[in-house]
Amino acid sequence: MIKLAMYLGALLIVLLAVNLGTAQDQSQKDLAKQAQNPIANLISLPLQNNTNFGIGPDEDQVQNVLNIQPVIPVTLNDNWNLITRTIAPIIWQPDFYTQGEGRVTGLGDITFSAFFSPKEASKLTWGVGPIFLFPTATDGPLGGISEDGGESLGSDKWGAGASVVGLMMPGQWVLGSLISNVWSFAGSGEQDINFFTWQYFINYNLPKGWYLTSAPIITANWEADSDNTWTIPFGGGVGKLLKIGKQPINTQLAAYYNVEKPEFGPDWQLRFQVQFLFPK
């Protein structure tokens, strides 16, 4: 009887350990899918670094853009959330963009978007709302020469527009699309803004917090001529949800090749992201 009790006790411990591990894996999977959802009811701080290669007539220059992207959800009532998303770019411009005046580093124009999203979503999770562009750049107008002789990191324009996002999360997948368009309405910059952005995202979640991802950012500058309107990247990468102490962090590494681009635009991009998560 004593041996039987010992065997049963050992079996119970093993079953508890398996169930605990399964629960932890499920919790990790759920958090990973939340991190991949741009309108999740989750406070997060993504730091996304984009390095663009092959810029200029000789395709030998490099630009780096670090996007600081805090996401803060606000509960409006029992039925609706407001998901706010700010993008503050820190830009390192090559001298091709500075008209030969040397490299420039500083803050670019900040964009702010707010998505009204229902709390009780069906199979389709969605959000819609305004997007705003603020002329916060620390150096002159984009594509021109600033007063101090250096190229700009922004447009010197105020802008506004609309943004919409929709996604589904069947099984291991997170599938969605985020679309926005911004028009300028004021500011001292000479070039008007009519700028379209479309980011689709396809993620497949694997065990232990790993996932495969493809989330290219397709853009169209409607103010440019037809040969320089579109930037269309294609590619993907891998991500991993991990913890440092008690802090969950979503990491991601991906590469994208521009199958369509403006003249002298980058050939390809390397993207690395670290996203700090603050689940409730």
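The values are calculated or read from the model by the stated rules, or taken from the named source; none is laboratory data. This is a predicted model, so every value here is computed, not measured. Counting neighbours? That spans all protein chains shown, and the Cβs are built from the backbone with ideal geometry, glycine included.
Scanning region 239-280 for residues that are part of a loop (DSSP other than H, G, I, E, B) and surrounded by 16 or more Cβ atoms within 10 Å (Cβ to Cβ) gives Lys261, Pro262, Gly265, Pro266. Among the residues of region 196-225, those that are more than 23 Å from Ala160 (Cα to Cα) and surrounded by fewer than 17 Cβ atoms within 10 Å (Cβ to Cβ) comprise Ile202, Tyr204, Leu206, Pro207, Lys208, Trp210, Leu212, Ser214.
Checked against the criteria, Asn49 counts as assigned to a strand (DSSP E or B), at pLDDT 80 or above and closer than 27 Å to Ala215 by Cβ.
If you check every pair at least six apart or on different chains, which have Cβ atoms under 7 Å apart with a residue in region 200-211 that is more than 21 Å from Ser177 (Cα to Cα) and touching a residue at least 40 places away in the same chain (Cβ under 8 Å) first and a residue that is part of a helix (DSSP H, G or I) and of a type in the set (A, V, I, L, M) second? Taking only residues 6 or more apart or on different chains, the pairs are Gly209/Ala32. Evaluate region 91-106: report whether one residue or more is loosely packed, with under 15 Cβ neighbours inside 10 Å and modelled with pLDDT of 85 or more. Checked region 91-106: at least one residue is loosely packed, with under 15 Cβ neighbours inside 10 Å and modelled with pLDDT of 85 or more.
Within region 95-106, can one find any residue that is farther than 18 Å from Asn52 by Cβ, among the acidic types (Asp, Glu), touching a strand residue (DSSP E or B) at 6+ places or on another chain (Cβ under 9 Å) and assigned to a loop (DSSP other than H, G, I, E, B)? Yes. Filtering region 153-193 to residues that are more than 22 Å from Gly127 (Cα to Cα) and either without any contact (Cβ under 8 Å) to a residue 24 or more places away in the chain or outside any loop (DSSP other than H, G, I, E, B) (or both) leaves Gly154, Lys157, Trp158, Ser184, Phe185, Ala186, Gly187.
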